[in-house]
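Engineer: Got a structure here, written out as C-alpha cells. Questions coming.
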Amino acid sequence: MEIRNLVSGSAAVCGPDLSLREAAAVMMSEGIGSLGVVDRGALVGILSERDVLRAVAEGADLDLQTVGEWMTPEPDCVGPDLEVADAAEWLMATGYRHLPVVDDGELIGIVSIKDVLWALGSEG
C-alpha cells in the first residue's frame, strides 16, 4: 500500500505567526498531533504536540510566542508513492511521529505513526 492511501488530499495547516495557544487549540479541536506550517504557499515547518510540550516545559508564553518560534523547520517530507512499510521503517529510524506527504510541491497530508501502524495491521 502506498502512503497516498493514508492522506485525504489536504492537511491541517497554519501560518508561522499563529500563537502557540491557538495552534494547540486547532490540534485539539481537530484531534490531530501536528500542523503543517505554511508561509506563502510553501511548507516551512511542522508543529507537533512534542513542540508544544517543549514550549510549555521551557516556560513559553503560549499567547505571545508563535508557531514559527517553536516549529521544526524544513521537515523531511515524502512523496505519495512511498510504500507504507518503507514509511514505517523511516519513522522508526528517525524517531519522528509525523510525516508530511508532498506531491508536486504541495502538502497533501501528514501521516502519523499511528496511521502507518494501522495500515500495516490491516494489510496482514
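Engineer: Of all residues in region 91-124, how many are part of a helix (DSSP H, G or I) and polar (S, T, N, Q)?
Structural biologist: Residues meeting the conditions: 2.
Engineer: To continue, here is another question. Between a residue in region 77-90 that is in a helix (DSSP H, G or I) and any residue that is polar (S, T, N, Q), which pairs come within a Cβ distance under 8 Å, given they are 6 or more apart or on different chains?
Structural biologist: Pairs that qualify, where the first residue is in a helix (DSSP H, G or I) and the partner is polar (S, T, N, Q), are Val84/Asn5.
Engineer: Within region 17-32, track down each residue that is under 18 Å from Val102 (Cβ atoms) and either polar (S, T, N, Q) or in contact with an Asp or Glu (Cβ under 6 Å, 6 or more places away or on another chain) (or both).
Structural biologist: none
Engineer: Further question on the same structure: Among Leu99, Leu120, which is closer than 24 Å to Val26 by Cβ and among the hydrophobic types (A, V, I, L, M, F, W, C)?
Structural biologist: That would be Leu99, the only listed residue that is closer than 24 Å to Val26 by Cβ and among the hydrophobic types (A, V, I, L, M, F, W, C).
Engineer: Taking Gly9, is it modelled with pLDDT of 95 or more, surrounded by fewer than 16 Cβ atoms within 10 Å (Cβ to Cβ) and assigned to a loop (DSSP other than H, G, I, E, B)?
Structural biologist: When the stated conditions are applied, Gly9 does not pass them.
Engineer: Just for region 12-38: of the residues that are in contact with a helix residue (DSSP H, G or I) (Cβ under 6 Å, 6 or more places away or on another chain) and in a loop (DSSP other than H, G, I, E, B), which one is farthest from Ala57 (Cα to Cα)?
Structural biologist: Step by step, filter region 12-38, then rank; the result is Ala12.
Engineer: With respect to Val37, determine if the residue is in contact with a Pro (Cβ under 9 Å, 6 or more places away or on another chain), modelled with pLDDT of 95 or more and not aromatic (Phe, Trp, Tyr). Spell out how you get there, then give the answer.
Structural biologist: Numbers: in contact with a Pro (Cβ under 9 Å, 6 or more places away or on another chain): yes; modelled with pLDDT of 95 or more: yes; not aromatic (Phe, Trp, Tyr): yes.
So Val37 fits the description; yes.
Engineer: Quick check on my filter: what residues within region 11-52 are among the small types (Gly, Ala, Ser) and more than 12 Å from the chain's Cα centre (by Cα)?
Structural biologist: Scanning region 11-52 gives Gly15, Ser19, Ala23, Ala24, Ala25, Ser29, Gly31, Gly41, Ala42.
The values are calculated or read from the model by the stated rules, or taken from the named source; none is laboratory data. Worth saying up front: this structure is predicted, and the values here are computed from it rather than measured. Note that we place each Cβ from the backbone using ideal geometry, even for glycine, and neighbour counts take in every protein chain shown.
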